[in-house]
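To start, the structure itself, in structure tokens.
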Amino acid sequence: MPEYQFHLKEKRIAWGNTIDVESLIGTHPQDSIRPGENSALDWKLPEGIYRAKEVVIELDKLLEAILVQLGEPINGDPSVLLDSLEANLAISGDGSSLPLGPLALKDKPGVEITAQAARIGEQLVLWAREINSEKRALAQYGREVLGELEFRSHCYGHTLIPEAIAQVWGPIGGPRVMQLYNEYLHQFVLLRDALLPFANWEQVPFEVKEHTQYKGLRFVEPARKVFLTQLLGKELTHKAIIQYAQSVLSSGLTSAGYGFQYPLGTVFPAGLGESAGKAARYLLKWHPVQTIQAEDTQDIVSISFEYEYDDYYAAPRNEAGTGIPGSKDLLHISEEHSDLPSIARLLPNTDSDRTTIRFSLERGGCLFTVDLGQLFRGHRFSYRPDGNINSMSAMMKRTSTSFHRVEDILSHSGLVTNTDEGIHFIPTGRNELVQWALLGKLYPENVVLLEKGDEEELEAAFVSGKGYGTQFMVL
């Protein structure tokens, strides 16, 4: 298997072996429409590997059966039922199943998940409209089979738009049709919510197993309930997002670190491979890679990736030192380098009962490594120059300004900090790999990520962060 490489502009991050997931998608031993317990035709997601769009294709069979039973095109209007689906998946409005819009969550996880819910819901509805227009199920089964589909849907509370109520509960509709439509809506809601943690949600493969007590994606309901309670209660943490993602992907893992491997790939925080200043802090990203190698793809194990320092506060610390005294006018003097790294590697360590991963890069003929977990932790805790903290006194206290070479910071053991009240600039030549490495080395307390380093950004940066104490600025 070839080495997996993830590209960040002209840079690369390489590790593990690429997994061929495509050959596994959409291959199912059974059909989703088949005889149920009472000889009536039932609908179930067959066991197999799915991505989101494959689930939408299977769900369209329910919608087409509903339309047949309503007597399409006379009594059954797909646009009305799809509009009601859109209202359910929206994040605002009377029909919303997850009204995050009116809540206007301001915590960082809440902001990211809110935007994610809107994106996923909109795309799922687009797919639902597109697939229904193709009438695949009608061509596959015919009207007679679709007209016989019937089952009990154990779910309540999904709100229908008035036009959909008129159709589903009208003279041609009734409880039988309502059961099918209720399940259709609920499965879409479950699909949207299951994919909330993943920035590249369209690509994420997940396994569905048939359960006697669960239909389709209902196996995620217990974990989903916990996750949404934490989200709406503004108590959602990175660890909680990892735990939910592990449940959705049927990893079987009970402990949670900052990422994990499961049989279909590796999940890390979404920042990996993005510019640190703009990357999401709490969302995750799936990668088609076997990080911890096994002899065969079939033997890939689920494993949690742990932090080198469970409690970063108790981690050993070293002083950055005085550096090179100077003013902010010298910030750009070291931007041109001929030895900036273009590739970083992830190096797993499985020698103990905990699996950790090192982020490794070469600079100036020396190899530097930092803990990948600490790198992501440092990113979550970092600041951007927003100028929201009005603290002129903080600016006055920070009378000293110094510059540090990247090599000097990365060569320290433990985490790097300083006890003075000064400002410490670390120019990186705008190299994203080096910036990420520094986030894994600097004590994650008062680190500000700069993008341009111009006067306006610097003025905002001086009053960003905690507003006091040692401040590291990374450009």
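Each value in this text was obtained by applying a stated rule to the coordinates, not by laboratory testing. Small disclaimer: the values here were computed from a predicted structure and weren't measured. In this analysis, Cβ positions are derived from the backbone assuming ideal geometry, glycine residues included, and neighbour counts consider all displayed protein chains.
Using a Förster radius of 41 Å, what is the FRET efficiency between S133 and R430 based on their Cβ-Cβ separation? Nearest 0.05, please.
0.30
List residues of the range 152-195, by number, whose backbone nitrogen lies under 14 Å from a label position 7 Å along Cα→C-beta of L103.
So the set is 193-194.
Amide H of L284 versus every other amide H placed in the peptide plane: which residues, excluding those fewer than 5 positions away on the same chain, fall under 5 Å?
Result for L284 returns F198, A199, A270.
Can you spot the aspartates and glutamates whose alpha carbon is less than 12 Å from K215's alpha carbon? Ignore those fewer than 8 places along the same chain.
D42, E47, E183
Please give every one of the lysines within straight-line cross-link reach of K285, meaning a C-alpha to C-alpha distance under 19 Å, and leave out same-chain neighbours fewer than 8 residues apart.
Straight-distance partners of K285: K9, K11, K53, K108, K239.
For L24 and S400, what does the FRET efficiency come to when R0 = 60 Å and r is the distance between their Cβ atoms, rounded to the nearest 0.05?
According to the calculation, E is roughly 0.55.
Express in whole angstrom the spacing between the alpha-carbon centres of the range 440-464 and the range 208-256.
36 Å
Please give me, ordered by residue number, the GluC sites (Glu not before Pro) of the range 197-254 that lie in loop per DSSP and have at most 15 other Cβ atoms within 10 Å.
Working: sites: E202, E207, E210, E235; in loops: E210, E235.
In loop regions of the range 197-254 (DSSP not H, G, I, E or B), the sparsely surrounded GluC sites (Glu not before Pro) are E210, E235.
Which residues among the range 439-461 fall inside the zone where the amide N is under 20 Å from a point 7 Å beyond the Cα of D386, along Cα→Cβ?
444-454, 456-461
Give me the distance in nm between label points sitting 7 Å out from Cα along the Cα-to-Cβ direction at N17 and N38, one decimal.
The answer from the label model is 5.0 nm.
Based on the Cα gyration tensor of the range 1-155, what are the three equivalent ellipsoid semi-axes, each the root of five times an eigenvalue, rounded to whole Å and given largest first?
34, 25, 14
For E319 and T350, what is the calculated FRET efficiency with R₀ set at 25 Å and r taken between the beta-carbons, to the nearest 0.05? Walk me through the numbers on the way to the answer.
Values: r = 33 Å, r/R0 = 1.30.
It comes to 0.15.
Based on the Cα atoms of the range 126-224, what semi-axes does the equivalent ellipsoid have, where each is the square root of 5 times one gyration tensor eigenvalue, given in whole Å with the largest first?
Listed largest to smallest, the semi-axes of the range 126-224 are 25, 18, 16 Å.
Lys/Arg Cβ at +1, Asp/Glu Cβ at -1, dipole of the chain taken about the Cα centre: which of P197, V474, M1 is farthest positive-ward?
V474
How big is the C-alpha Rg of the chain next to the rule-of-thumb value 2.2 N^0.38 Å, as a ratio?
Taking N as the residue count of the chain, the ratio is 1.14.
Using the 10 angstrom Cβ neighbour count as an exposure proxy, how do W127, W169 rank, fewest first?
W169, W127
Amide H to amide H under 5 Å from A90: which residues, 5+ apart in sequence or cross-chain, H placed 1.01 Å off N in plane?
Correct list: S97.
By Kyte-Doolittle mean hydropathy of at least 0.0 and Cα axial length of at least 18 Å, which whole DSSP H helices of the chain are selected?
Span-like helices, by this rule, are 52-70.
Per 0.36 nm of contour for each residue apart, how much would the distance between S302 and M1 grow if the chain were fully extended, relative to their Cα-Cα spacing?
106.5 nm
To make sure I understand, if each residue's beta carbon is the centre and we count other beta carbons within 10 Å, what order do S133, S97, S360 fall in, fewest to most?
Sorted ascending by nearby Cβ count, the order is S133, S360, S97.
For the range 167-237, what does the alpha-carbon gyration tensor say about shape, rounded, prolate or oblate, given a ≥ b ≥ c as the root eigenvalues, a/c under 1.5 as rounded, and a/b over b/c as prolate? If you can, show how the numbers build up before the last one.
Numbers: a/c = 2.19, a/b = 1.77, b/c = 1.23.
In terms of gyration-tensor shape, prolate.
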